[in-house]
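The structure appears right after this line, and notes come after that.
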Amino acid sequence: MERGDIGALREAIDWSVRPAVHSGGVDSDDGRVEFRLPFERLESAYADLVKLGGAVDVREPSELRVRLAHTGRELVARFSDGNRGLRTSAHRATAPLSIGESKSSVRNR
């Protein structure tokens, strides 16, 4: 990850993993910083790291890398220009959420 993204990493991860970030990481050959984060569960790692989008490059475990890549592809497919239709569920209609709107201020349309 870029050194400028370390603050976002600290905020995104669970408190039990933060000491690994406070160690400063290891500088890689490409100018990025590498960390070994001791997550106890794959689900916890996914929930924390998916928040960072493309700011992180997960090298291992491969299951986590595959799951994050899958989520990224789903987001690209959902929000690409060719897919502008709203999806609805059987339980409630969905509406686009604009930047600056809170969920409570968006009504079903």
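The values are calculated or read from the model by the stated rules, or taken from the named source; none is laboratory data. This one's a predicted model, so the numbers in the text were calculated from it and none came from an experiment. When we count neighbours, we look across all protein chains shown, and the Cβ atoms used for this are built from the backbone with ideal geometry, even at glycine.
Summed over the stretch 46-75, residues that are small (G, A, S), exposed (fewer than 11 other Cβ atoms within 10 Å of the Cβ) and free of Cβ contacts under 8 Å to residues at least 12 places away in the same chain total 1.
Residues that are over 21 Å from M1 (Cα atoms) and among the acidic types (D, E) were ranked within the stretch 47-84; the one that is nearest to the chain's Cα centre (by Cα) is E74. For V58, the requirement of being among the hydrophobic types (A, V, I, L, M, F, W, C), at pLDDT 95 or above and closer than 25 Å to L75 by Cα is not met.
Could you look through the stretch 1-45, keep only residues that are among the β-branched types (V, I, T) and touching a residue at least 12 places away in the same chain (Cβ under 8 Å), and pick out the one that is nearest to A69 (Cα to Cα)? Lay out the reasoning, then the answer.
Kept after step one, since they are among the β-branched types (V, I, T), are these residues of the stretch 1-45: 6, 13, 17, 21, 26, 33.
Still in the running and touching a residue at least 12 places away in the same chain (Cβ under 8 Å): 6, 13, 17, 21, 33.
Numbers: I6: 21, I13: 19, V17: 22, V21: 23, V33: 20 Å.
Among them, the one singled out is I13.
State all residues of the stretch 19-45 that are more than 18 Å from G7 (Cβ to Cβ) and surrounded by 17 or more Cβ atoms within 10 Å (Cβ to Cβ); if no residue qualifies, say none. F39, A45 - these are the residues of the stretch 19-45 that are more than 18 Å from G7 (Cβ to Cβ) and surrounded by 17 or more Cβ atoms within 10 Å (Cβ to Cβ).
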